[in-house]
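Below is one structure, written out as structure tokens, with a few remarks after it.
The values are calculated or read from the model by the stated rules, or taken from the named source; none is laboratory data. The structure presented is a predicted model; accordingly, all values stated were derived computationally and were not measured. Quick reminder, even Gly has a Cβ in these numbers, built from the backbone with ideal geometry, and neighbours come from all protein chains shown.
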Amino acid sequence: MAGTVDAESATLSDKSSAVSRSGARDGGPTSLSVGPLAAWRELLIFRGARRPRQELWVSVVGFALVLGAWIVATESGFVHPQILPSPRAVVEAWWRMFLDNDYLADIGVSVARVWIAFLTSAIIAIPMGVLMSGYRGVNALFEPLIDFIRYLPVPALVPLTLIWLGIGEGSKIMLLWIGTFFQLVLLVADDARRVPKEFIETGRTLGASDAALMKDILLRAMLPNMVDSLRITLGWCWTYLIVAEIVASTSGIGFQIWTARRFGKTPEVFAGILMIGIIGLVSDQAIRFLHRRWFRYLH
Amino acid sequence: MSGADFIQFRTLTKEFQAPDGSPIRVVDPIGLTICEGEFVVFVGPSGCGKTTVMRMVGGLEAPSSGEIYLAGKRVTGPSRDKGMVFQSYSSFPWLTVLGNIRFGMKYRRDIPAAEKDRIARRYLDLVGLTPFADYTINRISGGMRQRVAIARTLAADPLVLLMDEPFGALDALSRERLQIQLMDLRRAERKTVIFVTHDVDEAVLLADRIIVFSARPARVIEDIPVAAMLPEKRSIDIIDSPEFRRIRRDVLSRIRNEEVEAEEGAGQP
């Protein structure tokens, strides 16, 4: 960035850095050899240059290989369908569940449980994590406790939640809440601690109160990392959902998986598992997309 | 209170705790006065504690004993009176250039919004960033980011401007340009400035007065009235003048002696 001395040349250097970036993509430092194979060879060079198109193809091939192996193994009769149903059977089961079993209602119930638990833990965890990062007293009070609870295996708490809250919605949401809250608090506190102290001191020298520092500077500075932390804990929430729905439940994706297992309907079990995977993938990508929109200044 | 004792250091000391709990003296008793409107540069061997001294003026670090008075008032913590420009993370990436400058007045309830806007635009113009008002921080160069930080700090209208190696991370050309701009700005604004640097050329070029600190624990070992030896309006060419080179040589040799002594001291535990 030698050219960015003055205001005028800054735009110029923006352009030149854009050029050098695309230059790195088309011909990185190691790919001096030319030809159609050079780009592919780059993929196996240690820390080689980026090759988005080739990388995409490799990912697609990876997916296709797994799917292909699955099809071959099942359609050829090599594996018993009771053990591993064919992709076709899974799609058919899926379709059946939507038409006959009111699967959409189960999906709705599961999504609602996850989001209620996730949002309530976020609403408490964010201010608490911020306060823990800011005040040593608050941190000393809560961190050892949270660290202890965090290591309790969530499935072991199922009997307790049932004793406390019965078999209704309360016990399920509480289980998810326990699974996410204690992790999220520590993640948020870490995000807050990573905010450079220069930002805080700048705020102080401009006359900001503690509350203003947290609201106008700390939260703003940590927000991109915190959205990532939220995205990760949302994923964990889905993991615990199945634990919650397998025990004493009469609705939800997990309940459907468990019921299907009892009647030996392996395709339905697979359909349920894939359904969770798809919902997880979609919500994860949605948050990533929002992250790029909201925090454009980072890119 | 103004004039000759605008900032007073009264037998100021600072100790840090070593990991084993024993105190480490970083600042020996310092007595010093700084005049209003003076541009004072702190230099010294690296790690000598000059930044700590400046941070104590800013109220960001508490003295172990002694006190600092700014315009007759004892410094007890950070406030709007003491503006700070850091070397890195000096401006907020989630705000635009203009947004950052306006942030300097965010907590001033006594200024109406329209007036804040006018002031922000004035400083934006003063640092030459008007065409970049709506740029985000990650899209501008390091030198421009420092100009944003300076404009923001000036917009807050502090009594003293504290600059902690503000140009330390810039390339040579950007640094030179910012030094010239800072000199112009200061003639326009007449602020009291304390500027910490390890670049002796920068110190001589900018300073009305250079304070040379000893190796740790920091002690004032030289107080050079540069304003009495160099013209007030300086161009970059002054670097080649004999006067400039003489001051530079003096400062360098003092620092060099200190570093040698510090190393010899460290060799005998």
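The table that follows gives values for the structure above.
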{"read-out": "Residue within the range B:139-160 that is surrounded by 20 or more Cβ atoms within 10 Å (Cβ to Cβ), over 24 Å from B:E176 (Cα atoms) and at the interface with chain A (Cβ under 8 Å from one of its Cβ atoms) present", "value": "yes"}
{"read-out": "Filter pass, A:A248 being assigned to a loop (DSSP other than H, G, I, E, B) and within 14 Å of another protein chain (Cβ to nearest Cβ)", "value": "no"}
{"read-out": "Failed item, numbered, when B:R216 is tested on (1) in a loop (DSSP other than H, G, I, E, B); (2) of a type outside the set (S, T, Y); (3) under 30 Å from B:A188 (Cα atoms)", "value": "(3)"}
{"read-out": "Condition met for A:F263 (in contact with a helix residue (DSSP H, G or I) (Cβ under 7 Å, 6 or more places away or on another chain), more than 14 Å from every other protein chain (Cβ to nearest Cβ) and farther than 30 Å from B:P158 by Cβ)", "value": "no"}
{"read-out": "Scan of the range B:87-108 for residues that are surrounded by 22 or more Cβ atoms within 10 Å (Cβ to Cβ) and touching a Ser or Thr at 6+ places or on another chain (Cβ under 7 Å), ordered by number", "value": "B:N100, B:G104"}
{"read-out": "Unique residue being surrounded by fewer than 19 Cβ atoms within 10 Å (Cβ to Cβ) and at pLDDT 90 or above when the list is B:R219, B:R246, B:R187", "value": "B:R246"}
{"read-out": "The range A:216-235 - residue that is closer than 30 Å to A:F255 by Cβ, buried (at least 17 other Cβ atoms within 10 Å of the Cβ) and hydrophobic (A, V, I, L, M, F, W, C) and, of those, farthest from the other protein chains (Cβ to nearest Cβ)", "value": "A:L234"}
{"read-out": "Any pair with Cβ under 8 angstrom, 6 or more apart, that starts in the range A:197-215 at a residue that is within 16 Å of A:S133 (Cβ to Cβ) and more than 7 Å from chain B (Cβ to nearest Cβ) and ends at one that is basic (K, R) and buried (at least 20 other Cβ atoms within 10 Å of the Cβ)", "value": "A:L213/A:R204"}
{"read-out": "Residues being among the hydroxyl-bearing types (S, T, Y) and surrounded by fewer than 19 Cβ atoms within 10 Å (Cβ to Cβ) - total across the range A:165-209", "value": "1"}
{"read-out": "Subset tally (residues that are within 14 Å of chain B (Cβ to nearest Cβ) and assigned to a helix (DSSP H, G or I)) for the range A:184-196", "value": "0"}
{"read-out": "Failed criterion for B:V148 (all others in (1) modelled with pLDDT of 95 or more; (2) under 22 Å from B:V40 (Cβ atoms); (3) in a helix (DSSP H, G or I) hold)", "value": "(2)"}
{"read-out": "Residues of the range A:167-196 satisfying the condition of being acidic (D, E) and under 16 Å from A:R231 (Cα atoms)", "value": "A:D190, A:D191"}
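So that you can scan it fast, the table gives a plain yes or no per residue for (1) over 19 Å from the mean Cα position of the chain (by Cα); (2) farther than 24 Å from B:P29 by Cβ; (3) touching a residue at least 60 places away in the same chain (Cβ under 8 Å):
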site: B:E165; (1), (2), (3): no, yes, yes
site: B:R175; (1), (2), (3): no, yes, no
site: B:A207; (1), (2), (3): no, no, yes
site: B:V212; (1), (2), (3): no, no, yes
site: B:P231; (1), (2), (3): yes, yes, no
site: B:S235; (1), (2), (3): yes, yes, no
